[in-house]
Structure formats: structure tokens, C-alpha cells
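The values are calculated or read from the model by the stated rules, or taken from the named source; none is laboratory data. Everything numeric here is computed off the predicted structure, so don't read it as measured data. All Cβ positions, glycine included, derive from the backbone under ideal geometry; neighbour counts span all protein chains shown.
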Amino acid sequence: MQLGPGNPRSRTGFTLVEVLVAVVLLGLVAASAIWSLTTANNYASISRLYTGAETAAQSQIDRIMSDSPFNPQLGQVPTVLTLGTSAPQTVTVYSEPAGVNGQTHSITGQMVTTVTNTNVVTQGQNLNLYSATVVVTYSFRGKNYRVQLNAMRASDV
């Protein structure tokens, strides 16, 4: 007796090779999806930390720009505008919310502020322009990152 399409005893189903090919293809699709999600999550973490460092630096710049009064002609210079480089301050770049059993994880960095008098003179008049540079450095997964913001402040009068 010969097996064929018209014979009720003919085999229907998949061969072992077809099943193996399907499993391999599904495995490749799953592996590429996991890799893509892991890469996207890593980029999101790096962006979140950069934003946190940038926010810390911007807060310091805002403090420098708004501390009053600033009238160097009368000796009124806020302590935040003291000329020179400040000692490194530890700042929190990111702190995740409490997780399992109240555990948290935070990333900290170092912030250094440098203030200089630019000594800009126009028509014999000193403009009293102060330049401030704020640098925040931090490490994440063995790599160092650095955010730098600059600002200039003129006398209030």
C-alpha cells in the first residue's frame, strides 16, 4: 500500500526540521526584542541621569543669578559669587523611589563652581561682569559623565 494525498493513512503535520526552523526563528525574534528593549532602557537611564545632573547645575546657576544685592562698586557681592573655585559639593543626580522592602538606589556626583571677574572695561568704565561655570561630574556603570553650564552676571546697578 502506498501513502499519498488520497490515502486516509497519509501523514499530516510538521517534520522535525520544520519545527526546529520555526523554533530557531522565534528564538531570534525574541532575542532581538530583548536586546532592543535592554538598549532602550540603557539609553533612558543615561538620559535620566544627564537630566538630573543638568538640573543640579541649573539650580546652582539660578542661585548665582538671583542672589542679591550685587553691587561690587559698593562692596555688595553675594557669597555665592565669591571669586575662585568652590570646594566640590556632593549632589544627588538621581534617587529612585523606594522599591522592594523600602530599598532605594541613588547616584551622586560632585559639583564645582568657578566664579571669575571678567574685568570688561568699556569707555573707561568697569562693567563688573562676573562669569560663573558650574560643572557636575558623576559615574554610571563604570563610565564618567560631565555636565557644564556657564553664566554671566552683571551688576544690579
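Of the residues that make up segment 113-132, is at least one within 13 Å of the chain's Cα centre (by Cα) and at pLDDT 95 or above?
No, there is no match, as no residue in segment 113-132 is within 13 Å of the chain's Cα centre (by Cα) and at pLDDT 95 or above.
When you look at residue 106, is it in contact with an Asp or Glu (Cβ under 8 Å, 6 or more places away or on another chain) and of a type in the set (Gly, Ala, Ser), yes or no?
Judged against the criteria, residue 106 is a match.
Pick out, from segment 40-157, the strands (runs of 3 or more DSSP E) lying fully within it that include 2 or more residues that are of a type in the set (D, E, K, R).
Counting at least 2 such residues, we get 143-153.
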